[in-house]
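Enquirer: Below you will find the structure I want to go over with you.
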Amino acid sequence: MVRARQAVITEPFKTTVREVEIPDPAPNQILIGAEYSAISAGTELAVYTGTHQWLKDPAMPDWKFPFRSGYSAAGRVLKVGKEFPGGFAEGDRVSFPGNHASAELLTVGHERCRVWKIPDNLGFDKASIACISRYGMGVSVRAGLTVGRSAAVLGLGIIGQFSLRCLLAAGAGPVVGIDAVKMRRDAALAAGADHVIDPTAGDIKQQLNAFLGTKGAEIVGDATGVPDAIPTAMSLACDAGQVVVVGSPRGRAKEVNFYDDLHRRYIEVTGAHGNMLFEPAHTRLAGAWDIDKAQKWLIRQLAAGRLSLAGLVTHTITPEQLGDAYEGLLKDKDNYLGVLMKWV
């Protein structure tokens with residue numbers, strides 16, 4: 001038995017840390033000890049505030065309180081079942097979609113049972129954010145050709161930051177970040193953004209066009225999670241441009257002019273939820289993308305420094321500080337952006 005700690009959302013706006021005993025792995029299981037886990041603000045805050053749509057779905061039994069939040073971690077393999085695939089050994093350094101927990105038992109066949117080895121030159125802190133980064137990477141994957149194409153990202157929270165940073169790593173340019181929070185704009189510049197826009201400083205479209213010297217960006221990523229922001233994202237794309245929605249827009253947009261803003265301008269609007277890489281939709285993606293290819297690409301880019309984390313991590317917390325971090329992410333956007341939980 002391994003004694004493990006788990007940070008849990010017990011009900012809306014309440015968290016705790018509980019201790020559990022984890023048995024030795026069965027032949028088809030692997031036991032991993034976490035060094036760090038990373039907070040995915042969009043998903044976790046939707047659960048923390050009780051607004052996530054899956055909480056009300058009876059067909060989603062895992063999405064009920066008490067809820068084990070988090071899906072991005074890094075650590076070491078503690079024990080491996082004799083039939084577990086992949087050639088893993090005790091002590092291997094790995095990235096995995098782990099909850100906020102000091103140890104996790106993964107079972108072959110479960111969607112969370114995905115483990116990727118990480119190189120020695122990639123720290124556990126940086127590797128712990130790799131699974132979250134895939135959700136922002138959706139802009140680059142969906143766009144197809146990225147090299148040399150202008151791009152703008154609307155909303156620079158954690159998913160928007162990775163949308164922008166993956167576009168940079170994939171050769172897009174110029175790349176522009178758009179957000180009302182100065183700290184987030186500064187983080188985008190630290191990562192290599194060519195320009196940032198404050199939407200409170202004037203018309204976004206005019207600001208973008210003035211910088212680009214042309215009418216709209218070829219690729220626009222919407223990472224706001226706000227349905228009414230999608231028409232704005234569409235207005236920022238050039239004629240025949242691409243709009244890729246990566247921030248989960250929970251709700252309905254009030255006003256979309258499909259004729260003037262989409263049909264007549266030949267705009268392409270697509271969704272790019274991170275789960276598309278292990279659901280049937282991924283078979284239609286150019287580049288034969290799947291979740292393993294995506295995570296291995298992200299790990300390589302992180303290790304090589306081509307995918308910058310500059311300015312991204314603002315807080316490293318203990319498990320007992322999870323509730324405080326959620327409150328900060330909700331109410332103090334000038335100071336909170338990327339949050340890591342340290343387990344060792």
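Enquirer: Within the P(r) computed for the stretch 1-76, what percentage of the Cα pairs occupies the region above 14 Å?
Expert: It works out to 67 percent of all Cα pairs.
Enquirer: Ok, one more. Report which label in (1) 31, 26, 21; (2) 41, 24, 18; (3) 35, 21, 19 holds the value of semi-axes √(5λ) of the Cα gyration tensor in Å derived from the coordinates of this structure.
Expert: Derived directly from the coordinates: (3).
Enquirer: Something else about it: Using only Cα atoms, what Kirkwood radius does the stretch 166-205 have, in angstroms?
Expert: 10.4 Å
Enquirer: Using Cα springs under 10 Å in a Gaussian network model of the chain, which residue among 232, 51, 200 shows the largest mean-square fluctuation?
Expert: So, out of 232, 51, 200, the one fluctuating most is 200.
Enquirer: Can I ask one more? Pairs of alpha-carbon atoms within less than 8 angstrom and 6+ residues apart define the contacts here; what relative contact order does the chain have, in percent?
Expert: Computed value for the chain: 18 percent relative contact order.
Enquirer: Note down the net charge around residue 275, summing +1 for each Lys or Arg and -1 for each Asp or Glu among other residues with Cβ under 11 Å from its Cβ.
Expert: Its environment carries a net charge of -1.
Enquirer: Hey, another quick one. Shape of the stretch 229-331 from its Cα gyration tensor (a ≥ b ≥ c, root eigenvalues): rounded if a/c is under 1.5, otherwise prolate when a/b > b/c, or oblate?
Expert: It comes out oblate by the Cα gyration axes.
Enquirer: Suppose every Lys and Arg Cβ carries +1 and every Asp and Glu Cβ carries -1, with no other charges. What dipole size does the chain come out with about its Cα centre, to the nearest 20 debye?
Expert: For the chain, the charge dipole is close to 380 debye.
Enquirer: Using just the helices of the chain, give the 222 nm mean residue ellipticity in deg cm²/dmol: DSSP H runs with n ≥ 4 each add -39,500 (n - 2.57), and the total is spread over all residues, rounded to 500.
Expert: My calculation for the chain gives -7500 deg cm²/dmol from helical runs alone.
Enquirer: What number comes out for the charge environment of residue 265, summing +1 per Lys or Arg and -1 per Asp or Glu over other residues with Cβ under 12 Å away?
Expert: -2
Enquirer: Which of 74, 247, 146 sits farthest toward the positive end of the charge dipole of the chain, with +1 on the Cβ of Lys and Arg and -1 on the Cβ of Asp and Glu?
Expert: The listed residue farthest towards the positive side: 146.
Enquirer: Could you please report the charge total around residue 22, scoring K, R as +1 and D, E as -1 over all other residues with beta-carbon less than 12 angstrom from its beta-carbon?
Expert: -1
Enquirer: How high is the FRET efficiency between residue 10 and residue 296 when r is their beta carbon distance and R₀ equals 30 Å, given to the nearest 0.05?
Expert: Taking R0 as 30 Å, the efficiency between residue 10 and residue 296 is 0.25.
Enquirer: Related question: Top to bottom by accessible area (1.4 Å), largest first, where do 211, 13, 96 land?
Expert: 13, 211, 96
Enquirer: Okay, next question. Sorted by accessible area (1.4 Å probe), largest first, how do 195, 52 line up?
Expert: Ranked from most to least accessible, the order is 195, 52.
Enquirer: Please report the spacing between the Cα centers of the stretch 200-246 and the stretch 250-326 in Å, no decimals.
Expert: So the separation of the two Cα centres works out to 17 Å.
Enquirer: Over the stretch 82-234, with the other protein chains present, what is the accessible area per residue in square angstrom, probe 1.4 angstrom?
Expert: 35 Å²
Enquirer: With all protein chains present and a 1.4 Å probe, how do 92, 292, 179 order by accessible area, largest first?
Expert: I get 292, 92, 179, largest accessible area first.
Enquirer: While we're here: What whole-number value in Å² describes the accessible area per residue of the stretch 236-278 for a 1.4 Å probe?
Expert: Accessible area per residue: 56 Å².
Enquirer: Still on this model: With a 1.4 Å probe and every protein chain left in place, work out the accessible area per residue of the stretch 282-330 in Å², rounded to a whole number.
Expert: That works out to 47 Å² for each residue.
Enquirer: Can you pull the accessible area of residue 111 for me, 1.4 Å probe, Å² to the nearest 10?
Expert: We get 110 Å² for residue 111.
Enquirer: Given Cβ point charges of +1 (Lys, Arg) and -1 (Asp, Glu) and nothing else, what value in debye, to the nearest 20, does the dipole of the stretch 1-85 about its Cα centre take?
Expert: 120 debye
Enquirer: So, with a 1.4 angstrom probe, what is the percent of accessible area on the stretch 247-344 that is carbon and sulfur?
Expert: The nonpolar share, carbon plus sulfur, comes to 50 percent.
Enquirer: Hey, got the dipole for the stretch 251-294? About the Cα centre, +1 on K and R Cβ, -1 on D and E Cβ, debye to the nearest 20?
Expert: That gives the stretch 251-294 a dipole magnitude of about 120 debye.
Enquirer: Okay, moving on. Carbon and sulfur atoms: what percent of the 1.4 Å accessible area of the stretch 28-166 do they account for?
Expert: Carbon with sulfur: 52 percent of the solvent-accessible area.
Enquirer: Only Cα pairs within less than 10 Å get springs; with that Gaussian network setup on the chain, which residue of 293, 79, 254 has the largest fluctuation?
Expert: Of 293, 79, 254, the Gaussian network model singles out 254 as fluctuating most.
Enquirer: Return the loop-located chymotrypsin sites (Phe, Trp or Tyr not before Pro) in the stretch 48-79 (DSSP other than H, G, I, E, B) with at most 15 other Cβ atoms within 10 Å of their own Cβ; answer none if there are none.
Expert: 63
Enquirer: Loop-only check: which GluC sites (Glu not before Pro) in the stretch 254-344 are DSSP coil with at most 13 other Cβ within 10 angstrom?
Expert: 255
The values are calculated or read from the model by the stated rules, or taken from the named source; none is laboratory data. Given the structure is predicted, the values throughout are model-derived calculations rather than measurements. Cβ sites come from the backbone with ideal geometry, for glycine too, and all protein chains shown count toward neighbours. In case anyone asks, the SASA skips ligands and DNA or RNA and just uses the protein heavy atoms, side chains included. Shrake-Rupley method; radii C 1.70, N 1.55, O 1.52, S 1.80 Å.
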